[in-house]
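A short worksheet on the structure shown next.
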Amino acid sequence: MKNLILIKHVRGAWGLRLFGLGPNFKPCKSMYKLQKFLNLNTFWAKNRSLKDLKKCLSNSDVIISLWLNNEIVGFGRGLSDGIYRGVLWDVVIDKNHQGKGFGKKIVKNLLDSKQIKYTKKIYLMTTNKKDFYSQIDFKEVKSQNLLIREI
C-alpha cells in the first residue's frame, strides 16, 4: 500500500502521548484516534480513558503503530527485561484491513526491536487469534496455566 506508514515509537511514545503526533511527526490527535481505534476493533480494550492509555504507553518498552494516510490501522506494544521474559500486548488490526499482512508486520517489528530481540521467552495472550499467532511461531503451552489478579 502506497500510503502505509509504520512508526516505531521511542520508548514511552512521548510524541504520540504528549503531542498527538502521527505520521511524518505531524500532529493529528493521534491519542484520540488510538482510543477510537481500540474502541472499534476490540472488546478487551474498549473504554480505556486517555489518561490510562497515556500511562500504559509511557510504561511500554516498544510501541508500533501502523497508519494508512492519517488513520491508524494497526497497533501493538511490548514489555521485556531484555533477556529472560517479554510479553506482547494490544496487537490490533482494523477490522477492514485484516488479512493484508499488517498483523505480521507489527509482530515482526515488535520481536525485532532491540528491547525484545534477544529475550528468551515471549508471552502473549489471545482470545480468538491462536491460529494467527501459530503462523508466526507462537505455540500453545498446555503445561502452564494462566492466572490473573484483577483490581
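Can you tell me which residue is surrounded by the most Cβ atoms within 10 Å (Cβ to Cβ) among those in the range 83-97 that are of a type in the set (D, E, K, R) and outside any strand (DSSP E or B)?
D94
Output the qualifying pairs, or none if there are none: Cβ atoms under 6 angstrom, residues six or more apart or on different chains, first residue in the range 85-109 and within 13 Å of Y123 (Cα to Cα) and modelled with pLDDT of 95 or more, second residue surrounded by fewer than 13 Cβ atoms within 10 Å (Cβ to Cβ) and among the basic types (K, R).
Close Cβ pairs satisfying both conditions: R85/K121.
Sort out which residues of the range 7-18 are more than 23 Å from G82 (Cα to Cα) and in contact with a Phe, Trp or Tyr (Cβ under 9 Å, 6 or more places away or on another chain), and write them in order of number.
The one that is more than 23 Å from G82 (Cα to Cα) and in contact with a Phe, Trp or Tyr (Cβ under 9 Å, 6 or more places away or on another chain): G15.
If you go through the range 64-82 one residue at a time, how many are under 24 Å from K2 (Cβ atoms) and not in a strand (DSSP E or B)?
Here the count works out to 2.
List the pairs whose first member sits in the range 131-146 and is within 17 Å of K120 (Cα to Cα), whose second member is assigned to a helix (DSSP H, G or I) and small (G, A, S), and whose Cβ atoms are under 8 Å apart, counting only residues at least 6 apart or on separate chains?
Filtered contacts from the range 131-146: E140/S134.
Somewhere in the range 52-61, is a residue closer than 19 Å to Y32 by Cβ and of a type in the set (S, T, Y)?
Checked against the condition, which is being closer than 19 Å to Y32 by Cβ and of a type in the set (S, T, Y), the range 52-61 yields at least one hit.
If you scan the range 9-54, which residues turn out to be touching a residue at least 40 places away in the same chain (Cβ under 8 Å), in contact with a Lys or Arg (Cβ under 8 Å, 6 or more places away or on another chain) and part of a helix (DSSP H, G or I)?
R17, L38, L40, N41
Taking V62 as the residue in question, decide whether it is more than 23 Å from I122 (Cβ to Cβ), at pLDDT 95 or above and under 12 Å from the mean Cα position of the chain (by Cα).
So V62 fails the test.
Listed here are the residues, each with its yes/no results for (1) farther than 17 Å from W44 by Cα; (2) in contact with a Phe, Trp or Tyr (Cβ under 9 Å, 6 or more places away or on another chain).
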site	(1), (2)
S60	yes, yes
I64	yes, yes
W67	yes, no
I72	yes, yes
G76	no, yes
G82	yes, yes
G86	yes, yes
D90	no, yes
D94	no, yes
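Assess whether L6 counts as being surrounded by 14 or more Cβ atoms within 10 Å (Cβ to Cβ), part of a strand (DSSP E or B) and either of a type in the set (S, T, N, Q) or touching a helix residue (DSSP H, G or I) at 6+ places or on another chain (Cβ under 8 Å) (or both).
yes
Considering every residue within the range 7-14, establish whether at least one is touching an Asp or Glu at 6+ places or on another chain (Cβ under 7 Å) and either of a type in the set (A, V, I, L, M) or under 21 Å from V107 (Cβ atoms) (or both).
Yes - at least one qualifying residue is present in the range 7-14.
Output the residue which, of all residues in the range 119-134 that are surrounded by 11 or more Cβ atoms within 10 Å (Cβ to Cβ), over 14 Å from the mean Cα position of the chain (by Cα) and in a loop (DSSP other than H, G, I, E, B), is modelled with the highest pLDDT.
Checked the range 119-134; the qualifying residue modelled with the highest pLDDT is T119.
The values are calculated or read from the model by the stated rules, or taken from the named source; none is laboratory data. As the structure is a computational prediction, the values presented were derived from the model and not from experiment. Reconstructed Cβ throughout: ideal geometry from the backbone, glycine too, with neighbour counts over all protein chains shown.
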